[in-house]
Amino acid sequence: MDFSGHPTVTPDAPGTAPAPGAGGTWRPSEHELERRRVRATLRRRSLVVASVVTVLFFVAVAFGVTQLPGWERVKETFFSAEHARESFPQILSGFWLNVKMFLIAEPLILLLGLAVALTRQSRSALMTPVRLLATAYTDLFRGVPTILLVLLCGFGIPALGLVGVTNDLFFWALVALVLSYGAYVAEVFRAGIESIHPSQWASAEALGLSRFQAMRHVIVPQAIRRVGPPLLNDFVSLQKDTALVSTIGIFDAVFSARDYGNYHFNYTAMVVVACFFVVITIPLARLTDHLQRRTVERERAGAR
């Protein structure tokens, strides 16, 4: 009771629901509290078991590998701390070229992929030649291995001797990556556009929007939200494939490591390069997982 004589009502505890017909707050029963304690104990036990098993597994693997007869030679050739320190500055300089190529290629690929996807979605008869060209582009460049595109663009196009066209290997390697990944990204965008429910098109038409306006204001924004995780997957792959430019003599991280290894007869620099790529790739992979979980949760919330 308060001073005015009304009954005192305390706020509900988190995770509890008021009992129907009850005047006060609902409190969990002793049985419910015991059940929560049991669940918490089981979760802690499961976490401890998983941690112990994981540590034992990796310790066993490490012990088994170090007991192999050729381990000392492998350790000296691939895991030398001295060669890792010596090659680090040279590889860091080359890796910056990989990162620069990735950052330049990514927006170009998005623009090319979206343009090709929209072209393939057009219904105008006047766009038929362009639509056929877009279809041929995705079929052709998805079928050719990326390393062959890098070789063709890096060595083939400069050999044509075109007047007024640069022969810079960085530029043509970038063109090869954009053409290859643009075809994949175009199909991702097209799948996202086609996944939008037809009722969205009908609603846009009911509002008097043209097909272009409906695509711009209604369909494409929803499609982009849906294809975020697969696009990030493609860019994780692109980040690794920038290493293919070493095949045409560009002094990137892989070429630097190969050069160091050929001079010192030691491949530790290759392992250092792998560590550089892993450090960049893992955060992108975790971001992709987070976006996928968020998309699933959003769709489940909408289905309720």
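Worth pointing out:
- Signed unit charges on C-beta, dipole axis of the chain, positive-most listed residue Gln90, Phe141, Cys275: Phe141
- For Ser29, the solvent-accessible surface with a 1.4 Å probe is about 60 Å², rounded to the nearest 10.
- Angle of helix 128-143 to the longest C-alpha principal axis of the chain, folded into 0 to 90 degrees and rounded to 10: 80°.
- Taking label points 7 Å from Cα along the Cα-to-Cβ direction, Lys75 and Leu160 give a separation of 5.5 nm.
- In this structure segment 23-92 gives 84 Å² per residue of accessible area when probed at 1.4 Å with all protein chains present.
- Value of D in µm² per second that Stokes-Einstein yields for segment 34-136, Kirkwood Rh from Cα pairs, at 25 °C (0.890 mPa s): 118
- Comparing Ala176, Ala285, Ala206 in a Gaussian network model of the chain, where Cα atoms under 10 Å apart are tied by springs, the biggest mean-square fluctuation is seen for Ala206.
- For segment 97-144, the list of trypsin sites (Lys or Arg not before Pro) that fall in a loop by DSSP and count at most 15 other C-beta atoms within 10 angstrom reads Arg123.
- For segment 52-103, the square roots of the Cα gyration tensor eigenvalues, ordered a ≥ b ≥ c, give a/c of at least 1.5 with a/b no greater than b/c, which places it in the oblate category.
- Modelled this way, with points 7 Å down the Cα-to-C-beta line, the labels at Thr295 and Val38 are 3.9 nm from one another.
- Overall form of segment 148-285 per C-alpha gyration tensor (a/c, 1.5; a/b vs b/c): oblate
- Note on surface exposure: Asp252, Asp289 rank Asp289, Asp252 by accessible area, highest first, 1.4 Å probe.
- Solvent accessible area, Å² - Val236, 1.4 Å probe, full protein context: 20
- Prolate/oblate/rounded call for segment 81-182, Cα gyration tensor, a/c under 1.5 rounded: prolate
- Basic side chains Lys and Arg get +1 at the Cβ, acidic Asp and Glu get -1 at the Cβ, and with that the dipole of segment 82-172 about its Cα centre reaches some 480 debye.
- Using only alpha carbons, the chain has a radius of gyration to Kirkwood radius ratio (Rg to Rh) of 1.15.
- Expressed per residue, the C-alpha convex hull volume of segment 91-139 stands at 70 Å³.
- Accessible area in the full protein assembly, largest first, 1.4 Å probe, for Leu287, Leu103: Leu103, Leu287
- All distinct Cα pairs of segment 224-304 go into the 1/r average, and the inverse of that average, the Kirkwood radius, is 14.9 Å.
- By a 1.4 Å probe calculation restricted to protein chains, His31 has an accessible surface near 130 Å², given to the nearest 10.
- Put a plus charge on the Cβ of each Lys and Arg, a minus charge on the Cβ of each Asp and Glu, and nothing anywhere else: the dipole of the chain about its Cα centre is then about 880 debye.
- Summing Cβ point charges (Lys, Arg +1; Asp, Glu -1) relative to the Cα centre of segment 142-230 gives a dipole of roughly 200 debye.
- Measuring nothing but protein heavy atoms, the accessible surface of the chain at 1.4 Å probe radius is 67 percent carbon and sulfur.
The values are calculated or read from the model by the stated rules, or taken from the named source; none is laboratory data. Keep in mind that this is a model prediction, so the values were computed, not measured. Every residue, glycine as well, gets a Cβ built from its backbone with ideal geometry; the counts of neighbours run over all protein chains shown. Ligands, DNA and RNA are stripped out before the accessible areas are found, and what is left, the full protein with its side chains, is counted by its heavy atoms. Shrake-Rupley method; radii C 1.70, N 1.55, O 1.52, S 1.80 Å.
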